[in-house]
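Trainee: My questions will all concern the structure given below.
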Amino acid sequence: MYSISNLDAAFSALADPTRRAILARLAKGEATVMELAAPFEMTQPAISQHLKVLEDAGLVVRRVDGTKRPRRLAKAGVEAMDQWLAMLRKALEKSYDRLDEVLASMEKPRRGEKR
Amino acid sequence: MTLQTEGDTHVVVTRRFAAPPEAVYRAHTDPKLVQKWMLGPEGWTMPVCISEAKPGGKIRYEWSNGKGGGFHLTGEYLELEPYSRLVHVERMHLPNPTPDNHIETRFDPDGTGTLMTMRMTLPDAQTRAAMLATGMESGMEASYVRLEEMI
């Protein structure tokens with residue numbers, strides 16, 4: 001189950017360019033810490049630290065595969081963020097739909113005479 | 001409409017309107033017009049709307065859900081270029097003030113209409129994260145409840 005406090009952690013976790021890059025890489029499929037560290041000038045422990053933040057925020061999960069621990073995106077966490085942003089968009093869009101109506105009513109008096 | 005994060009500290013919202021820039025600009029600065037639309041989810045009203053559209057002019061929006069719930073926003077205008085560009089700062093009071101959100105709003109002609117681009121700059125990545133996580137229209141208790149039911 002995903003809660004509001006997770007959501008706060010999830011957005012905080014995203015406030016870092018390395019972690020966003022890691023998520024972008026994982027969006028293409030699962031990867032090991034070594035594979036994730038490759039494009040960065042960072043040590044594996046440093047990448048592991050970023051992965052821990054992402055795991056604690058519920059955005060990344062690990063799987064056991066022999067001695068490997070490949071990471072992948074956590075569907076529930078990513079979807080919860082998507083839903084939240086969708087709701088923000090909806091609230092804003094609701095305001096702008098009203099603004100469309102306000103603008104339509106402003107246009108009318110202009111046609112007949114100067115304001 | 002689009003709503004996107006940009007870099008570590010920005011949020012960018014774009015929206016097209018069928019009316020010319022002058023009308024969209026006025027709808028963003030004239031308190032009698034702002035009061036009619038800047039309301040967020042269904043059920044909210046803005047009983048107090050102060051918008052002094054001049055450099056240094058005050059902004060104060062108070063929202064109410066009609067059931068005793070509410071919150072307000074204060075801010076100041078920094079730059080006004082009728083009818084193409086507005087720069088202001090704002091903060092939510094929940095009731096403690098949130099860090100200042102610095103907002104540049106552009107109104108560019110787009111055919112016979114307007115393309116509005118609102119670029120918010122938060123002091124740091126943590127503040128932006130908090131803003132996105134708690135909702136730009138905070139006081140969205142109804143939305144919180146709905147979200148908790150969904151997930």
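Trainee: Need one value for A:13-21: mean number of C-beta atoms belonging to other chains within 10 Å of its residues' C-beta atoms.
Mentor: Neighbouring Cβ atoms belonging to other protein chains average 3 per residue here.
Trainee: Using r as the Cβ-Cβ distance of A:ARG62 and B:MET1, and R0 as 30 Å, what FRET efficiency do you calculate, to the nearest 0.05?
Mentor: 0.25
Trainee: I've got another one for you. Hey, got the dipole for the protein assembly as shown? About the Cα centre, +1 on K and R Cβ, -1 on D and E Cβ, debye to the nearest 20?
Mentor: Values: 36 positive and 36 negative charges, 80 e Å.
Computed about the Cα centre, the dipole is about 380 debye.
Trainee: Under 1.5 on a/c is rounded, so check that first for the protein assembly as shown, then, if it is not, pick prolate when a/b is larger than b/c and oblate when it is not; a ≥ b ≥ c are the square roots of the alpha carbon gyration tensor eigenvalues.
Mentor: Because a/c hits 1.5 or more and a/b exceeds b/c, the protein assembly as shown counts as prolate.
Trainee: If you don't mind, there's one more thing I want to ask. Could you work out the helix-only [θ] at 222 nm for chain A, with each DSSP H run of four or more residues adding -39,500 (n - 2.57) and the total divided by the number of residues, to the nearest 500 deg cm²/dmol?
Mentor: -21500 deg cm²/dmol, from helical runs alone.
Trainee: Please report the net charge: other residues with Cβ closer than 10 Å to the Cβ of A:LEU51, K and R +1, D and E -1.
Mentor: Taking every Cβ under 10 Å from that of A:LEU51, the sum is +3.
Trainee: Roughly how crowded by other chains is peptide A:71-81, in terms of the mean Cβ count from those chains within 10 Å of each of its Cβ atoms?
Mentor: Details: counts 0, 0, 0, 0, 0, 1, 1, 0, 2, 3, 2.
Average neighbour count from other chains, rounded to a whole number: 1.
Trainee: Starting from 0 in steps of 10 Å, tell me what percent of the Cα-Cα pairs of chain A lands in each bin.
Mentor: Calculated P(r), rounded to whole percents: 12, 34, 21, 11, 9, 8, 4, 1.
Trainee: For B:GLU52 paired with B:GLU76, estimate the spin-label separation in nm (one decimal), with each label point 7 Å from Cα along the Cα-to-Cβ line.
Mentor: 1.1
Trainee: Please sort by residue number the GluC sites (Glu not before Pro) in the stretch B:29-102 whose DSSP state is loop and whose Cβ has at most 13 other Cβ atoms within 10 Å.
Mentor: Counting only loop positions with at most 13 other Cβ atoms within 10 Å, the GluC sites (Glu not before Pro) in the stretch B:29-102 are B:GLU42.
Trainee: Can you tell me the 0 to 90 degree angle between the C-alpha axis of helix B:125-134 and the longest principal axis of chain B, rounded to 10?
Mentor: 70
Trainee: Also, quick follow-up: What range in chain A is the longest one free of GluC sites (Glu not before Pro) that are in a loop by DSSP and have at most 12 other Cβ atoms within 10 angstrom?
Mentor: The longest uninterrupted stretch comes out as A:42-112.
Trainee: Return the Rg/Rh ratio of chain B with Cα-based radii and a Kirkwood Rh.
Mentor: 0.96
Trainee: Next question, about the same structure. Determine, from the Cβ-Cβ distance of A:GLU101 and A:ALA38 and an R0 of 51 Å, the FRET efficiency 1/(1 + (r/R0)^6), rounded to the nearest 0.05.
Mentor: 0.45
Trainee: Each residue of the stretch B:32-37 in order: what ³J(HN,Hα) in whole Hz does its phi give by Karplus 6.51 cos²θ - 1.76 cosθ + 1.60, θ = phi - 60°, with x for Gly and Pro?
Mentor: Coupling constants for the stretch B:32-37: 5, 7, 3, 4, 7, 10 Hz.
Trainee: Can you give the extra length, in nm with one decimal, that the chain gains between A:ASP8 and A:ALA31 once fully stretched, where that is 0.36 nm per residue apart less the Cα-Cα distance?
Mentor: Taking A:ASP8 through A:ALA31 to full extension adds about 5.7 nm, to one decimal.
Trainee: Further question on the same structure: Between the stretch A:33-71 and the stretch B:1-75, how many Å separate their Cα centres?
Mentor: Using only Cα atoms to place each centre, the spacing works out to 42 Å.
Trainee: Which FRET efficiency, nearest 0.05, do B:THR112 and A:ARG89 yield, Cβ-Cβ r, R0 25 Å?
Mentor: On the way: r = 25 Å, r/R0 = 1.02.
Plugging the Cβ-Cβ distance into 1/(1 + (r/R0)^6) gives 0.45.
Quick note: the coordinates plus some simple rules give every number you see, no bench work behind them. Please read all numbers here as calculations on a predicted model, not as lab measurements. Counting neighbours? That spans all protein chains shown, and the Cβs are built from the backbone with ideal geometry, glycine included.
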